[in-house]
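The structure appears below as structure tokens.
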Amino acid sequence: MDFRWTEEQELLIQSLEELLKREAPETLLAELDTRHEFPFKPWQALADNGILALGIPEEYGGVPADITTLTLVCETLGRHALPLGIIYSLGIITIRDIIQFGSEEIKAEVLGGFVRGDLPVALGITEPQAGSDAAALKATAQFDGDDVIFNGQKMYCTLAQITKYILLLTRDPQVANPYEAMSMWLLPTDTPGLRFNPVNKVGWWTVPSYEVYIENARIPRKKLVGQYNFGWPQLMANFEIERLALCAASLGAAQAALEDSLAYANQRVQFGRPIGSYQAVQHILTDMAVKVENMRNFVYKIAWMMDQGQPVRHEHAMCKLYVAQAACEVTDSAMQILGGLGYTMDHRVQRLWRDIRLMRIGGGTDEIMYNIAGPQLLKQARKG
Ligand SMILES: Cc1cc2nc3c(=O)[nH]c(=O)nc-3n(C[C@H](O)[C@H](O)[C@H](O)COP(=O)(O)OP(=O)(O)OC[C@H]3O[C@@H](n4cnc5c(N)ncnc54)[C@H](O)[C@@H]3O)c2cc1C
């Protein structure tokens with residue numbers, strides 16, 4: 001077992017850290033958060049410095065990268081600039097679906113733009129009646145000559161209004177089995193017939209999410225991504241890496257919360273001594289550090305397994321479940337260590353606490369992770 005990073009990974013992460021300190025300093029992130037503004041400039045800086053090219057095929061301007069390297073990038077973004085980690089993680093699933101299933105025309109349209117700094121393609125699965133039960137989605141796609149016409153409503157579609165495309169999931173009502181009735185489309189967000197309504201959220205203030213109303217939105221039918229009615233297996237093909245990316249960003253955020261807590265515990269004096277000298281505070285800090293270490297080991301192991309081509313069907317769900325919960329606990333502990341300051345808007349800990357809470361809901365809730373892992377564990381045990 002070798003826990004060391006490669007020399008290339010060391011250099012990449014070091015230069016990314018320097019870039020983030022320069023282009024996404026805490027003062028800027030705090031300002032953008034207060035103003036609910038997307039971090040356009042830092043995102044462009046990631047593109048300009050080749051970060052968005054990682055994992056994109058070379059013919060579209062990309063650079064090969066394995067899953068472990070992408071995971072380290074997500075972790076680093078989460079640690080220094082969580083909104084960028086969130087945006088990057090959200091983009092991973094749609095970009096990989098396009099790489100894997102998009103036509104040449106679709107790939108040429110989207111991938112080069114992403115490498116140059118376009119925002120990620122938004123993902124349009126969730127609907128008012130279809131949350132955890134994504135297969136209950138009802139948005140329709142009706143063919144009309146060479147065109148297709150969409151109708152329906154999407155919920156929480158992150159980035160939808162500010163990005164160029166939505167990877168839209170629709171349902172064919174003629175097919176009884178929903179898992180054989182979904183299709184995936186590249187829907188330009190300037191298509192007439194789309195209306196966006198921003199969702200007011202507890203966190204993720206720099207990463208907007210929208211209700212999207214779709215009324216007779218017409219595009220050419222060649223914007224189908226992959227095969228008609230194969231949208232569900234196509235979606236599932238890259239869900240695991242999206243969840244891993246969200247876990248890695250959460251790990252980075254938990255690391256940041258731990259670092260803030262350690263610094264504060266050394267510096268804040270009460271009853272004549274730094275609060276870190278009290279055993280009660282040391283216990284909280286040590287529990288946080290143990291959780292961060294466990295999160296890191298789990299995340300890296302899943303990345304390694306995926307790079308080896310090993311299935312991670314229940315392991316990735318267990319990882320998402322553990323990491324999301326542990327990250328929430330660590331950011332909550334950080335708020336405790338910082339006392340009143342942690343609860344004010346003057347320190348980043350409150351932002352980490354708010355932004356991280358979504359990780360137990362988005363990309364599959366805790367309960368759905370139990371539902372994925374539990375039956376698989378039992379099945380494995382029956383096989384012996
Ligand atoms: C900020 C934000 C960004 C998002 N971004 C996107 C996006 O870009 N694209 C997109 O398509 N979606 C997005 N989502 C949607 C997200 O994936 C869903 O919120 C999530 O899947 C849960 O669905 P729901 O909110 O409808 O909750 P529900 O499915 O209604 O769940 C409510 C509760 O019931 C529990 N529950 C439901 N079914 C079961 C079951 N079978 N067993 C046990 N418990 C169950 C859940 O775990 C949860 O606790 C986003 C959501 C948020 C809040």
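List of remarks:
- Computed log₁₀ I(q)/I(0) - Debye formula, equal Cα scatterers, no solvent, the chain, q 0.09, 0.11, 0.12, 0.14 Å⁻¹: -0.53, -0.79, -0.93, -1.25
- Taking the chain and dividing mean pair separation by its residue count, relative contact order in percent (alpha carbons under 8 Å, at least six apart): 16
- Cα long-axis angle, helix 104-116 against the chain (0 to 90 degrees, to the nearest 10): 30
- Helical mean residue ellipticity (222 nm; -39500 (n - 2.57) per DSSP H run of 4+; nearest 500) of the chain: -18500 deg cm²/dmol
- Relative packing of peptides 136-142, 95-101 - highest average C-beta neighbours within 10 Å first: 95-101, 136-142
- Calculated from the alpha-carbon coordinates, segment 156-292 shows an Rg and a Dmax of 23.2, 74 Å respectively.
- Of the peptides 70-81, 324-335, 48-59, the ranking by mean beta-carbon count within 10 Å, highest at the top, reads 70-81, 324-335, 48-59.
- Taking packing as the residue-averaged number of other Cβ atoms within 10 angstrom, the listed peptides 218-231, 30-43 run from highest to lowest as 218-231, 30-43.
- Cross-link pairs beyond the 21 Å C-alpha cut-off, checked among K21/K41; K291/K379; K107/K301; K21/K164; K164/K222; K41/K301: K291/K379; K107/K301; K21/K164; K41/K301
Laboratory data are not the source of any read-out in this text; all were calculated from the coordinates shown. Nothing here was measured: the structure is a model prediction, and the numbers come from that model. Using ideal geometry, Cβ is built from the backbone for each residue, glycine included, and neighbour counts are taken over all protein chains shown.
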